[in-house]
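Below is one structure, written out as structure tokens; the observations come after it.
The values are calculated or read from the model by the stated rules, or taken from the named source; none is laboratory data. Bear in mind the structure is a predicted one, so any value in this text is a computation, not a measurement. Cβ atoms come from the backbone with ideal geometry, glycine included; neighbour counts cover every protein chain shown.
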Amino acid sequence: MKLLYVTSSFPYGHGEGFLVGELAELRAQGHEVTVVPTFARGPVVHDDACTFVERTRRAGLLSPPVLSAAAAAVRADAPAVRRQLLALRRSRNVRVLTKNLAAFPKALWTARVARELGVDHIHAHWGATSATVAMVAAELTGIPWSLTVHRWDIRENNLLRRKARSAAFVRAISADGLADLRRRVGDTATPTLVIHMGVSVPPTAVEPAVPAPGDPLRILVPANLLEVKGHRHLVDAVALLGSRGVAVRAELAGSGPLRTAIEGRIASRRLDRACVLLGQLSHEELQRRLAAGSWDAVVMPSVETPSGEKEGIPVALLEAMSHGLPVVGTSAGGVPELLADGSGLLVPPADPAALADALARLAADAALRRSLGEAGRARIERDFASDEVVRELVARIEEATGIEEARRGAR
């Protein structure tokens, strides 16, 4: 099949490295994938995303190609364009409406790209502006489309009810996300279902290190520096461990708006040697270091924010587990769906003491680390391996494409 993937910024920027595995697997299974980033922001950060650049159609929101395509769309079928534009007025507030209007010319350009390429299906990641672009392009061209919702985009509720009714199906990446989605969109004939994000499973697991007496437990926190990721509770947990005489070294890999606040928290607790900010690592570099055994455990101290934002199922945890590393997560968002079966340690969110207790257990018990690593890897092989996840996604896409082709044949 020929697929058009509408992303937020991928392959540019640092925020969608989790798409590498899905797109690579689609290619491996013989599908032709073209990427349209809604906002092509920044450089290509992830080395393994470079292979997708040649199959990316990049254009600024108000670039000459976009404006030219938009003008041509109006000349070709002004009533259809007008109907799409008027439908955006149902956006739930001025901020969401402004985002949708800003992306509208890009949607008309995307419709042209889809026609030129002869794509069979359009798929959008995120239910926000990228899904608006995909929906408008699909409805103008008659090409079936679908979308994946993650976490904050469900809460934003950017025309989700209309998108759910327009799309062939809506994929949530966790059961918790699916429940939130269904509360937003209500009853709809469109299937709404869980298809997890998958990851590639390395051929061999990491061989656990045998630490020398006094060596710290090496912890990785692979998450952008956002409130929902709960870094401050990890810093507080490391401080508690220090007061108990438990040696740990936590490395925080990611960037984001809370960097200054987290640096200040580390400094105020005099944890400069125990908590280290690595900055943004490329997806390829992160995978290389996981495979090399650079860390003994991976931690995701996620929380639900006061505004209601929460995790999906973090791909960073999936990747760590696929390498056979033990993981610690919190009972926030979709994380319990991943770890509640004992494939990792699960602690309450925003509870530094409970997090410190879990890390102290890992530090003191090499056998526990090994057994959790084995259980986590088995969990990924069973339910999150990218080849099986993508086959399920493709089956849904093929079903939607076949239905649309049958409709066309009956006309």
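Only residues that are without any contact (Cβ under 8 Å) to a residue 60 or more places away in the chain, within 23 Å of residue 103 (Cβ to Cβ) and out of contact with any Ser or Thr (no Cβ under 9 Å at 6 or more places or on another chain): list them for the stretch 154-193, please.
Within the stretch 154-193, 154, 160, 184 meet the criteria.
Answer yes or no: is there a residue in the stretch 197-218 that is within 30 Å of residue 155 (Cα to Cα), in contact with a strand residue (DSSP E or B) (Cβ under 8 Å, 6 or more places away or on another chain) and without any contact (Cβ under 8 Å) to a residue 60 or more places away in the chain.
Scanning the stretch 197-218 turns up no residue that is within 30 Å of residue 155 (Cα to Cα), in contact with a strand residue (DSSP E or B) (Cβ under 8 Å, 6 or more places away or on another chain) and without any contact (Cβ under 8 Å) to a residue 60 or more places away in the chain.
Residues that are of a type in the set (Ser, Thr, Tyr) and surrounded by fewer than 18 Cβ atoms within 10 Å (Cβ to Cβ): which helices (runs of 4 or more DSSP H) entirely in the stretch 148-259 hold 1 or more of them? Walk me through how you get there before you give the answer.
Details: elements: 152-156, 160-166, 175-185, 231-244.
By residue number, 231-244.
Do we have any residue at all in the stretch 107-125 that's within 26 Å of residue 192 (Cα to Cα), in contact (Cβ under 8 Å) with a residue 60 or more places away in the chain, in contact with a strand residue (DSSP E or B) (Cβ under 6 Å, 6 or more places away or on another chain) and acidic (Asp, Glu)? So that I can check it myself, show each step before the final result.
Applying the first criterion (within 26 Å of residue 192 (Cα to Cα)) to the stretch 107-125 yields 107, 110-111, 114, 119-125.
With in contact (Cβ under 8 Å) with a residue 60 or more places away in the chain added as a condition, the list becomes 110, 114, 119-125.
Narrowing further to those that are in contact with a strand residue (DSSP E or B) (Cβ under 6 Å, 6 or more places away or on another chain): 110, 114, 119-125.
Adding the requirement that they be acidic (Asp, Glu) leaves 120.
Checking the stretch 107-125: at least one residue is within 26 Å of residue 192 (Cα to Cα), in contact (Cβ under 8 Å) with a residue 60 or more places away in the chain, in contact with a strand residue (DSSP E or B) (Cβ under 6 Å, 6 or more places away or on another chain) and acidic (Asp, Glu).
Quick check on the stretch 1-24: of everything there that is in contact (Cβ under 8 Å) with a residue 60 or more places away in the chain and in a strand (DSSP E or B), which residue is surrounded by the most Cβ atoms within 10 Å (Cβ to Cβ)?
Checked the stretch 1-24; the qualifying residue surrounded by the most Cβ atoms within 10 Å (Cβ to Cβ) is 6.
Looking at (1) buried (at least 24 other Cβ atoms within 10 Å of the Cβ); (2) part of a helix (DSSP H, G or I); (3) among the aliphatic types (A, V, I, L, M), can you tell me which one residue 122 breaks?
Condition not satisfied by residue 122: (2).
Could you tell me whether residue 272 is in a loop (DSSP other than H, G, I, E, B), free of Cβ contacts under 8 Å to residues at least 40 places away in the same chain, over 30 Å from residue 47 (Cα atoms) and outside the structural domain of residue 194 (by TED's automatic domain parsing)? If you could, list the steps in order and put the result at the bottom.
Values: in a loop (DSSP other than H, G, I, E, B): yes; free of Cβ contacts under 8 Å to residues at least 40 places away in the same chain: yes; over 30 Å from residue 47 (Cα atoms): no; outside the structural domain of residue 194 (by TED's automatic domain parsing): yes.
Criteria not met by residue 272.
So how many residues does the stretch 25-70 have that are in a loop (DSSP other than H, G, I, E, B) and not hydrophobic (A, V, I, L, M, F, W, C)? First the steps, then the outcome.
Keep residues of the stretch 25-70 that are in a loop (DSSP other than H, G, I, E, B), which gives 29-31, 38-43, 45-46, 57-63.
From the residues that got through so far, the ones that are not hydrophobic (A, V, I, L, M, F, W, C) too are 29-31, 38, 41-43, 46, 57-58, 60, 63.
Of the residues in that region, 12 qualify.
Assess whether residue 59 counts as being surrounded by fewer than 14 Cβ atoms within 10 Å (Cβ to Cβ), assigned by TED's automatic domain parsing to the domain that holds residue 161 and among the small types (Gly, Ala, Ser). Give the derivation first.
Numbers: surrounded by fewer than 14 Cβ atoms within 10 Å (Cβ to Cβ): no; assigned by TED's automatic domain parsing to the domain that holds residue 161: yes; among the small types (Gly, Ala, Ser): yes.
Answer is no for this residue.
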